[in-house]
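Beneath this line is the structure, given in structure tokens, with notes to follow.
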Amino acid sequence: MKAVGLRLRPEEGAFPGVDRALARAVDVTREDLSNLEWLDDGTYLLLYRLRADGREAIEAVLASHEEVIEYDVVESATGTFAAFVHVEERPSLSALLALVDEHALLLQQPFSFDPDGVTVTVVGSGDALQGAFADVGEELPVDVEWTGEFEPDRDSALARLTSRQREALRAAFDLGFYETPRAASYEEIGETLGCAPSTANELLRRAEAALVAGVLD
């Protein structure tokens, strides 16, 4: 069984519809899409893990969106929010899901978000994966980030991280950021990653929060 890590690059880093509305909300951050179910009537059930200043910021987006059929927002013990959202069908998303079904592939969830897009792990036989890639259209830019054998025992906490967050953690570790006393600064990590110190700080903060949540959940 093979696995492929993909980065989807939809416009504005979010899919059209409610996903883009959440991405545009100033006071809401999409941590991941924990679950996606495609129902028989074509609609979707989505379970987001979100960060926000409060439940009201999330509900303001969902209550006003024309594609939302129903929703519920629950605060978790870790300070994030779980948003259950039932939304109308989007033909472009259904076409992608149909391609996955046609080639008997598995989308490993959760799907992670970052400023560069959405990271997804696809699992299936080598022939099935090759066939699916041959059928992918040009409407949605897709980058292959890694390929390898499927690892069923992979740490679920690490699976919550985006590739950029893993890169930041690796750079910080290699530079001695987690040693005592600390042997590296955000400036040095940013230089290694090719980003500003504030961006390096944010990447590490989110990665550390995801790892702690994955261990404690």
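The values are calculated or read from the model by the stated rules, or taken from the named source; none is laboratory data. Remember, predicted model here, so these are calculated numbers, not experimental data. FYI the Cβ positions are ideal-geometry reconstructions off the backbone, even for glycines, and counts take in every protein chain you see. Only protein heavy atoms, including side chains, enter the accessible area calculation; ligands, DNA and RNA are left aside. Shrake-Rupley method; radii C 1.70, N 1.55, O 1.52, S 1.80 Å.
Quick notes
- Separation of region 1-49 and region 55-109, taken as the distance between their Cα centroids, equals 6 angstrom.
- Heavy-atom accessible surface of region 1-145: percent carbon and sulfur, 1.4 Å: 50 percent
- To the nearest 10, the accessible area of Ser94 is 10 Å² with a 1.4 Å probe.
- A 1.4 Å probe run over the protein chains yields, for the chain, 54 Å² of accessible area per residue, whole-number rounding.
- Listed peptides 35-45, 103-113 appear in the order 103-113, 35-45 once ranked by packing, highest mean of other Cβ atoms within 10 Å at the front.
- Under the criterion of Cα pairs below 8 Å and six or more residues apart, the relative contact order for the chain equals 23 percent.
- Total formal charge among the other residues, if their Cβ is under 15 angstrom from that of Gln130, Lys/Arg +1 and Asp/Glu -1: -2
- Couplings 3J(HN,Hα) of region 31-42, computed from phi: 7, 6, 9, 6, 7, 9, 10, 9, 7, 4, 7, x Hz, in residue order, whole Hz [Karplus 6.51 cos²θ - 1.76 cosθ + 1.60, θ = phi - 60°; x for Gly and Pro].
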